[in-house]
2 protein chains.
Amino acid sequence: MKNFSYRNATQIHFGQGQIAKLRDEIPADARVLIAYGGGSIKRNGVLAQVHAALEGITSFEFAGIEPNPHFETLMDAVALTRREKITFILAVGGGSVIDGAKFIAAAAVYRNDPWEIIQTYGAKVTQALPLGSVLTLAATGSEMNNGSVITRAATQDKLFFHSDHVYPKFSILDPSTTYSLPARQTGNGVVDSFVHVVEQYVTYPVNAKVQDRFAEGLLLNLLEDGPKALAKPEDYAVRANLMWTATMALNGLLSTGVPADWATHMIGQEITGLYGLDHAQTLAIVQPAVWMHTREAKKAKLLQYAERVWDLVDGDDDTRITTAIEKTRQFFEAMGVKTRLSDYGLDAAVIPAVVAKLEQHGHVRLGEHANITPADAASILALAL
Amino acid sequence: MKNFSYRNATQIHFGQGQIAKLRDEIPADARVLIAYGGGSIKRNGVLAQVHAALEGITSFEFAGIEPNPHFETLMDAVALTRREKITFILAVGGGSVIDGAKFIAAAAVYRNDPWEIIQTYGAKVTQALPLGSVLTLAATGSEMNNGSVITRAATQDKLFFHSDHVYPKFSILDPSTTYSLPARQTGNGVVDSFVHVVEQYVTYPVNAKVQDRFAEGLLLNLLEDGPKALAKPEDYAVRANLMWTATMALNGLLSTGVPADWATHMIGQEITGLYGLDHAQTLAIVQPAVWMHTREAKKAKLLQYAERVWDLVDGDDDTRITTAIEKTRQFFEAMGVKTRLSDYGLDAAVIPAVVAKLEQHGHVRLGEHANITPADAASILALAL
């Protein structure tokens with residue numbers, strides 16, 4: 001195991017009815033910005049629950065944070081935040097809304113051009129308004145981590161920043177808020193969580209048993225309960241397991257003391273930036289191809305993954321690895337997420353465009369060995385056509 | 001899954017050489033009380049590392065915190081803390097030292113008789129001095145939780161208190177500090193961690209998959225690496241896995257959203273209070289007997305435990321449960337911890353004495369169903385003779 005430092009102070013309130021806890025978490029004299037997305041929280045009653053919990057507290061609404069939230073949109077929210085002297089940001093939605101809220105919280109009190117926050121990957125963030133979240137989609141883990149992914153629409157740049165100043169103070173996870181999700185978002189969320197886990201697990205062995213077994217447990221949960229959520233969307237136990245699994249998949253615990261890959265995310269991010277595919281769609285396309293390309297370097301962990309997650313113990317090493325990759329692909333497809341560029345009407349023209357973006361962003365040495373070059377990315381994408 | 005709230009803000013620094021981080025964690029103008037036990041930290045160089053890291057910071061030492069730390073001893077430390085206007089408590093040791101430091105931190109600023117802290121299970125604690133720890137024994141999880149167990153030697157009372165005010169601000173976990181432990185303490189630590197996990201896992205099913213799989217993973221780690229630590233005490237990877245496993249076993253994560261038992265701990269605590277057995281010895285005695293007594297109520301989870309931890313899939317339900325209990329007992333014995341009262345020279349006279357203490361402490365409805373009465377405890381102890 002490698003040395004590590006770990007701390008995660010986000011307060012979690014988990015379960016049906018927990019939205020009422022907003023009352024205890026937000027100061028009575030706060031001026032709250034309720035940030036949300038496309039309005040599904042109006043239809044399913046979540047926004048009404050939020051307002052009921054905040055009765056008597058001054059609040060403003062900012063709607064319209066899109067998936068892969070746009071810098072341009074968020075800057076409107078920053079202006080509102082400054083104008084109305086907001087003191088607390090409350091994200092109500094999925095990962096995109098929470099990511100957006102993190103940017104708003106940091107940018108509202110940033111002295112220079114807030115694009116710097118993203119250009120410097122968060123290194124220049126020294127303060128942020130306090131923020132909290134009411135999660136309505138199990139997927140990104142943003143509700144319990146310090147990361148945020150923001151897209152500049154004008155330049156098709158999708159980039160991330162991290163800062164300990166943007167950890168949510170609290171997150172409320174009520175699984176019943178996810179009953180009304182479209183199947184596409186449920187499936188995307190499961191794929192996103194799955195890839196978060198394997199990015200931190202399918203690397204090379206460092207004899208980190210807690211982290212490995214936690215990762216394997218989360219993957220098994222997704223395999224078992226992902227299909228159930230599609231089949232029976234209002235099964236509370238299933239939604240609860242998916243929600244807590246997704247949070248644990250990216251709250252920092254799995255990455256303690258182990259190497260991490262993230263090549264799939266880095267390459268996928270460029271595809272979303274350029275072509276607007278859902279985040280999870282790009283992961284489902286790129287992940288199997290990354291494994292095909294790096295199967296020798298990842299051999300030991302791919303074999304462990306094959307055995308412990310897919311129960312593959314017969315046959316030679318190569319066969320088990322190939323089967324594990326194929327089963328992963330089939331699982332993504334079963335969750336309704338296609339795994340080939342061609343499924344989305346894209347062809348080999350994608351390759352030079354993505355390579356150019358990776359180079360432009362300086363993402364030229366990816367993966368746990370920092371040896372995935374843009375040329376490798378081209379080979380990976382060729383395997384994903 | 002049941003509703004829950006969860007937050008754990010302890011900063012962890014894990015790995016060889018991390019004791020140097022004390023410098024960053026303790027304010028330069030602090031007045032530090034270094035609290036420790038019997039002096040092994042002098043022999044193995046840990047205390048010297050602590051002093052090197054604290055160079056230039058005012059510090060005092062309080063030595064002699066015993067296993068199952070005594071209220072009477074700790075009150076001497078409280079007096080020193082008040083007299084020297086200590087502003088930070090640094091525990092250097094295992095769970096007993098950290099538990100003791102938690103009491104010192106709370107008692108030093110408590111206005112009434114500090115025994116009230118324990119009598120009220122921590123409910124009256126409204127503040128505490130900040131504390132941190134340098135852990136030298138993988139066992140209790142005290143380094144990342146808000147609990148503490150204190151013994152009043154005069155009355156043989158061993159009781160616990162909880163308060164969010166006594167979470168360590170940080171804990172430094174350097175696995176190499178555990179190389180020099182006597183085999184007895186290594187074995188005890190593994191048994192203690194194991195029982196912490198099963199107290200939160202072998203109850204009744206609530207379809208909490210994250211919690212179940214995390215628990216099963218930690219148990220498998222202990223089965224694999226516990227014997228290795230006895231065979232080869234200076235294997236860093238093994239010590240690291242045991243240390244992180246023990247921390248995860250009782251940092252609040254496993255108990256989110258699930259029922260918990262703790263009958264074994266409550267009964268075991270009285271045995272330590274009365275007869276001075278090591279904490280882990282009492283757990284190894286009581287746990288198999290609790291399972292024999294409650295095997296019908298715990299049937300579903302005992303079968304899951306038998307299958308996922310011991311790979312028992314053949315034979316009827318009763319046989320698998322009996323085998324799983326027997327294998328657990330054998331594992332404790334293999335870790336050098338005997339599992340019968342008679343192994344420690346105790347006999348049936350223990351039974352009325354423990355029952356009387358349970359009644360005196362009001363612990364008359366134990367277990368996840370709150371239906372283990374003192375009469376049940378007597379039956380359990382009769383199974384452990």
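The values are calculated or read from the model by the stated rules, or taken from the named source; none is laboratory data. These numbers were taken from a predicted model, which means no experiment stands behind them. Here the Cβ is made from the backbone with ideal geometry for all residues, glycine too, and neighbour counts use every protein chain on show.
So that you can scan it fast, the table gives a plain yes or no per residue for (1) within 25 Å of the chain's Cα centre (by Cα); (2) of a type in the set (S, T, Y); (3) assigned by TED's automatic domain parsing to the domain that holds A:P205:
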position	(1), (2), (3)
A:P27	no, no, no
A:R31	no, no, no
A:Y36	yes, yes, no
A:K42	yes, no, no
A:V50	yes, no, no
A:I57	no, no, no
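Only one residue in B:K232, B:K228 is surrounded by fewer than 24 Cβ atoms within 10 Å (Cβ to Cβ), free of Cβ contacts under 8 Å to residues at least 40 places away in the same chain and within 12 Å of chain A (Cβ to nearest Cβ), so which one is that?
Details: B:K232 fails: within 12 Å of chain A (Cβ to nearest Cβ).
So the residue among B:K232, B:K228 that is surrounded by fewer than 24 Cβ atoms within 10 Å (Cβ to Cβ), free of Cβ contacts under 8 Å to residues at least 40 places away in the same chain and within 12 Å of chain A (Cβ to nearest Cβ) is B:K228.
Residue check: is B:N251 over 19 Å from the mean Cα position of the chain (by Cα), within 11 Å of another protein chain (Cβ to nearest Cβ) and polar (S, T, N, Q)? Reasoning before the result, please.
Working: over 19 Å from the mean Cα position of the chain (by Cα): no; within 11 Å of another protein chain (Cβ to nearest Cβ): yes; polar (S, T, N, Q): yes.
No: the conditions fail for B:N251.
Determine if the range A:6-18 includes at least one residue that is farther than 30 Å from B:P168 by Cβ and not assigned by TED's automatic domain parsing to the domain that holds A:R213.
yes
Looking only at the range A:123-149, which residues are farther than 21 Å from A:T87 by Cα and crowded, with 23+ Cβ neighbours inside 10 Å?
A:T136, A:L137, A:A138, A:A139, A:T140, A:G141, A:V149
Taking the criterion of being of a type in the set (S, T, N, Q), part of a helix (DSSP H, G or I) and within 10 Å of chain A (Cβ to nearest Cβ), would at least one residue in the range B:162-177 satisfy it?
No: zero hits.
Just one of (1) touching a residue at least 40 places away in the same chain (Cβ under 8 Å); (2) over 22 Å from the mean Cα position of the chain (by Cα); (3) surrounded by fewer than 22 Cβ atoms within 10 Å (Cβ to Cβ) trips up A:E72, so point out which.
Every listed condition holds for A:E72 apart from (2).
Taking the range B:61-118, which residues are among the small types (G, A, S) and assigned to a strand (DSSP E or B)?
Listed by number, the residues that qualify are B:A91, B:G93.
So if I check each of B:N221, B:N146, B:N207, which one is on the phi > 0 side of the Ramachandran plot and either touching an Asp or Glu at 6+ places or on another chain (Cβ under 8 Å) or not assigned by TED's automatic domain parsing to the domain that holds B:R82 (or both)?
The match here is B:N207.
Looking at (1) crowded, with 24+ Cβ neighbours inside 10 Å; (2) away from chain A (no Cβ under 14 Å), which is the only condition B:W262 fails?
(1) is the only condition that B:W262 fails.
Counting only residues that are in contact with a Leu (Cβ under 8 Å, 6 or more places away or on another chain) and under 28 Å from A:Y236 (Cα atoms), which one in the range A:150-173 is surrounded by the most Cβ atoms within 10 Å (Cβ to Cβ)?
It comes out as A:I172.
Counting just the residues of the range B:158-177 that are modelled with pLDDT under 95 and in contact with a Ser or Thr (Cβ under 7 Å, 6 or more places away or on another chain), which one comes out farthest from B:I98 (Cα to Cα)?
B:K158
Going by the structure shown, is A:I117 closer than 18 Å to A:P69 by Cα and among the aliphatic types (A, V, I, L, M)?
Judged against the criteria, A:I117 is a match.
Answer yes or no: is there a residue in the range B:81-102 that is touching a helix residue (DSSP H, G or I) at 6+ places or on another chain (Cβ under 7 Å), buried (at least 16 other Cβ atoms within 10 Å of the Cβ) and free of Cβ contacts under 8 Å to residues at least 40 places away in the same chain.
Of all residues in the range B:81-102, those touching a helix residue (DSSP H, G or I) at 6+ places or on another chain (Cβ under 7 Å) come to B:81, B:89, B:91-93, B:95, B:98-100, B:102.
Then drop every residue that is not buried (at least 16 other Cβ atoms within 10 Å of the Cβ), which leaves B:81, B:89, B:91-93, B:95, B:98-100, B:102.
Filter again for free of Cβ contacts under 8 Å to residues at least 40 places away in the same chain, leaving none.
Looking for residues that are touching a helix residue (DSSP H, G or I) at 6+ places or on another chain (Cβ under 7 Å), buried (at least 16 other Cβ atoms within 10 Å of the Cβ) and free of Cβ contacts under 8 Å to residues at least 40 places away in the same chain, one finds none in the range B:81-102, hence no.
If you scan the range B:269-322, which residues turn out to be of a type in the set (S, T, N, Q) and either at pLDDT below 95 or in contact with a Cys (Cβ under 7 Å, 6 or more places away or on another chain) (or both)?
B:Q269, B:T272
Name the single residue, out of those in the range A:191-225 being surrounded by fewer than 20 Cβ atoms within 10 Å (Cβ to Cβ) and closer than 18 Å to B:A240 by Cα, that is farthest from the other protein chains (Cβ to nearest Cβ).
A:Y204
Report, by residue number, each residue of the range B:235-248 that is facing chain A (nearest Cβ under 7 Å) and surrounded by fewer than 18 Cβ atoms within 10 Å (Cβ to Cβ).
Answer for the range B:235-248, where residues must be facing chain A (nearest Cβ under 7 Å) and surrounded by fewer than 18 Cβ atoms within 10 Å (Cβ to Cβ): just B:A237.
Right, A:V149: more than 21 Å from B:V210 (Cβ to Cβ), of a type in the set (A, V, I, L, M) and part of a strand (DSSP E or B) or not?
So A:V149 fits the description; yes.
Can you list the helices (runs of 4 or more DSSP H) found entirely within the range B:13-56 that contain at least 1 residues being within 14 Å of chain A (Cβ to nearest Cβ) and touching a strand residue (DSSP E or B) at 6+ places or on another chain (Cβ under 9 Å)?
Answer list for the range B:13-56: B:22-25.
In this structure, does B:T140 turn out to be in contact with a strand residue (DSSP E or B) (Cβ under 9 Å, 6 or more places away or on another chain), modelled with pLDDT of 95 or more, assigned to a helix (DSSP H, G or I) and not charged (D, E, K, R)?
no
Considering the range A:367-385 alone, what residues qualify as being of a type in the set (A, V, I, L, M, F, W, C) and in a loop (DSSP other than H, G, I, E, B)?
Residues of the range A:367-385 of a type in the set (A, V, I, L, M, F, W, C): A:370, A:372, A:375, A:377-378, A:380-385.
Selection gives A:A370, A:L383, A:A384, A:L385.
Tell me, which residue of the range A:349-375 that is of a type in the set (D, E, K, R) and buried (at least 21 other Cβ atoms within 10 Å of the Cβ) is modelled with the lowest pLDDT?
Narrowing the range A:349-375 to residues of a type in the set (D, E, K, R): A:357, A:359, A:365, A:368.
Narrowing further to those that are buried (at least 21 other Cβ atoms within 10 Å of the Cβ): A:357, A:368.
Numbers: A:K357: 95, A:E368: 98.
Result: A:K357.
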